[in-house]
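I have placed the structure first, in the form of C-alpha cells, so that the comments after it can refer back to it.
The values are calculated or read from the model by the stated rules, or taken from the named source; none is laboratory data. Note that the structure is a prediction, hence the values are computed from the model and not measured. Virtual Cβ from ideal backbone geometry, glycine too; neighbours counted across all protein chains shown. In case anyone asks, the SASA skips ligands and DNA or RNA and just uses the protein heavy atoms, side chains included. Shrake-Rupley method; radii C 1.70, N 1.55, O 1.52, S 1.80 Å.
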Number of protein chains: 2
Amino acid sequence: MSAQPLSDFSRLCVHTITTKPWSIEEATARYAAAGVPAVTVWRQWLERRNIAQVGRALRAAGIEVVSLCRGGFFPATDAVGRRAAIDDNLKAIDEAVELGAPLIVLVCGAVPGQPLEVSRAQIAEGIAAMVDRARQANVKLAVEPLHPMYADSRSAINTLRQANELCDRFDSPHVGVVVDVYHVWWDPDLQQQVERAGRAGRIFAFHVCDWRTPTEDLLNDRGLMGEGCIPLRQIRGWVQQSGFSGFIEVEVFSHRYWAMDQGEFLGKIKNAYLKHT
Amino acid sequence: MSAQPLSDFSRLCVHTITTKPWSIEEATARYAAAGVPAVTVWRQWLERRNIAQVGRALRAAGIEVVSLCRGGFFPATDAVGRRAAIDDNLKAIDEAVELGAPLIVLVCGAVPGQPLEVSRAQIAEGIAAMVDRARQANVKLAVEPLHPMYADSRSAINTLRQANELCDRFDSPHVGVVVDVYHVWWDPDLQQQVERAGRAGRIFAFHVCDWRTPTEDLLNDRGLMGEGCIPLRQIRGWVQQSGFSGFIEVEVFSHRYWAMDQGEFLGKIKNAYLKHT
C-alpha cells in the first residue's frame, strides 16, 4: 500500500551536499529560514570548523542533526590502507559525538579490480572494528547499499539483502541500514528486504531523490522527487509499514541544480517533497 | 575455478555494433580477413538489405551467425504499443530465419514511470506470444538481464535470477538466457544463478566486455576485456562449468573505440580476447 501524501515539513531533512554551494553556516541560516527542521551533515562541511560549535549553532537555529555522512570505504589492497580506513571511521564517531549526530552513514567501499568477495570481507572487518566504539558513544552505524553501478569503486554492498545479511552478522542495535531509493528502487526483492529490515528494527534512515531518464552522469545527475521513475510513495509506504517514522532525507547530487540559485532550489525541494514524495 | 586462458580464436564472435562504423558488407570482409569465425548481427545492419543474401555472404566468407540482436522491448503503456512490439518480434523471428541465425537476443524493455512489475508481466506476455512461432522456426529466444542502471527504460529484467524465473514460466527448450558480464558481474547471486541456468540447459549466449573506472557514459563507455574490473576468467569458468561451450561474443559500445580506425580496433579486440577473457 502506498503512503499517504505528506502534508507538512515536520519530517523533512536536507543533506548539506544537496545544496552544495552553501557552507554549513549558510545552510544553517537558509534551512532555518525556510523551515527545514533537520539536516544530514557531510563531513566535508566540517573541515576547518569547531564541530561542537556547528552542532550548537544548528540546534540554536531549531535544526536537528539526523546523521553524519559518510564513513565507510573500508576496502584497500594493503593492511596499511585498511588500518587508515578504520582510523578514519573511528574519527568519524568522534566527530558525530561532537556534532551531536546519532548516526553515521556508511558507504562501504570497493577497490577496482579487487574481487567483490574480498572487499565484502574487508567491509565486515571494518565495521567489526567500529562497533564497540559506536556503542560506547551511542552512535548508530547505517550500512547504505549502493546501486550496482557503483560496485567498481564505491561499494561492494549493492542490495538491501546484502546489507541485511551484513547486519545479521553483528546482531547489534547499533548496526542497521539506510534505504536510499536511488540505489534500491529497481530491486525485485526490495519490499521483502525492507520488511526484513523493519522486523529487525534496523531501518535507521530513509533517503529520497529520483532517477531521471536519461541519466546523463553516473554520479551527479539525480533528479528531484517527481522528475523520474522511482515509485516514491510505494517505497515510502513499505518503509513506514515496516515501522520507520524518522526523517525523510533529500539527498540530490546534481550539477544542474548546484548551478542554480540555491534558495530557489530549496523552494523546489520543498514543493517536490510535498507533491511527490 | 577460473577458466584456462583461451589459446585461439575458434570461439570468438564479434557483434556488428562493436565495430559500428562498418556496414555489414565491410564487417563481413574485415572479420573474414582477420580470422573472426562468428558474428552476432544487429538488426539495424540488415536495413535495406536482402537478408538471406547477407546470410549467404557471411557463410561464404566462413563466418557463422551466432544470433540476431535484438528483439524485446515488449512493455508499452497501451495495447496498440504492446501489439506493435509483438509484431516486431515475430518479424525478428522471420529475419532470423532468413539470415540463418539460430537465436534472438531479447532486451526485454521498460517504460519510464510504468511500475516494474507491470512491465515484467508485459514482458512475459510478449515472450508467450512468440514461443510457438519460435519453436516452429527453430529459433531460440535468449532473455538478457540488463544492468539495474537500465531499469528505467531498457529492461525490467535486471538480474539473472529474474531471467531464470521468467524462463521457468515457459519451461521451453526455445527460451533461455544470455549471460553478459557487463550486466551481471556485480551480482552476489551470479555463480548460483549461472549454475541454475546451466542445469536447465538454458545458457544460450555469453557476452563479454569490461567495466571501466570511471565509467563516463551509461550507454557507450564499455571497456575492452582487461580494461576494467570484471572478473572475466572467473565468470567464464562458471559459465563453462555449467555446460556452455558456445561462442564468446565481444559486445562493446564505446564512443572512444568507434572513433578510432576499426581495423586497428579489431586487432585490439583479438589481443584482449586472448589475453584477458
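Observations on the structure shown:
- For the range A:26-43, taking the residues that are touching a residue at least 12 places away in the same chain (Cβ under 8 Å) and open to solvent by 10 Å² or more (accessible area, probe 1.4 Å), the one that is farthest from A:E249 (Cα to Cα) is identified as A:A29.
- For the range B:48-57, the count of residues that are surrounded by fewer than 23 Cβ atoms within 10 Å (Cβ to Cβ) and at positive phi is nonzero.
- Residue check for A:V194: buried (at least 24 other Cβ atoms within 10 Å of the Cβ) and away from every other protein chain (no Cβ under 14 Å): yes
- When residues in the range A:1-29 are screened for being among the charged types (D, E, K, R) and touching a Phe, Trp or Tyr at 6+ places or on another chain (Cβ under 8 Å), 2 of them pass.
- Enumeration of residues in the range A:1-57 that are in contact with a strand residue (DSSP E or B) (Cβ under 7 Å, 6 or more places away or on another chain) and of a type in the set (S, T, N, Q): A:T16, A:T18, A:T40
- Per-region count, the range A:158-191, residues among the basic types (K, R) and either away from every other protein chain (no Cβ under 11 Å) or open to solvent by less than 10 Å² (accessible area, probe 1.4 Å) (or both): 1
- Qualifying residue in the range B:199-208 (condition: within 14 Å of chain A (Cβ to nearest Cβ), under 15 Å from the mean Cα position of the chain (by Cα) and farther than 19 Å from B:S2 by Cα): no
- Within the range A:112-157, considering residues that are open to solvent by 30 Å² or more (accessible area, probe 1.4 Å) and hydrophobic (A, V, I, L, M, F, W, C), the one farthest from the other protein chains (Cβ to nearest Cβ): A:A137
- A:R236 being of a type outside the set (A, V, I, L, M, F, W, C), away from chain B (no Cβ under 13 Å) and open to solvent by 10 Å² or more (accessible area, probe 1.4 Å): no
- Test: residue in the range B:108-128 that is touching a strand residue (DSSP E or B) at 6+ places or on another chain (Cβ under 8 Å) and touching a residue at least 60 places away in the same chain (Cβ under 8 Å): no
- Residues that are surrounded by fewer than 21 Cβ atoms within 10 Å (Cβ to Cβ) and of a type in the set (F, W, Y) were ranked within the range A:250-264; the one that is nearest to the chain's Cα centre (by Cα) is A:F253.
- Whether a residue is within 14 Å of chain B (Cβ to nearest Cβ) and at pLDDT 95 or above was assessed, and A:A96 does not pass this test.
- The lone exception for A:I203 - which of (1) under 30 Å from B:L219 (Cα atoms); (2) buried (at least 17 other Cβ atoms within 10 Å of the Cβ) it fails: (1)
- Within the range B:82-97, residues that are open to solvent by 20 Å² or more (accessible area, probe 1.4 Å) reach partners that are polar (S, T, N, Q) with beta carbons closer than 7 Å, at six or more positions or on different chains, in the pairs B:R82/B:Q122.
- Condition check for B:G228: within 19 Å of A:Y150 (Cβ to Cβ), in contact with a strand residue (DSSP E or B) (Cβ under 6 Å, 6 or more places away or on another chain) and either within 14 Å of chain A (Cβ to nearest Cβ) or not basic (K, R) (or both): yes
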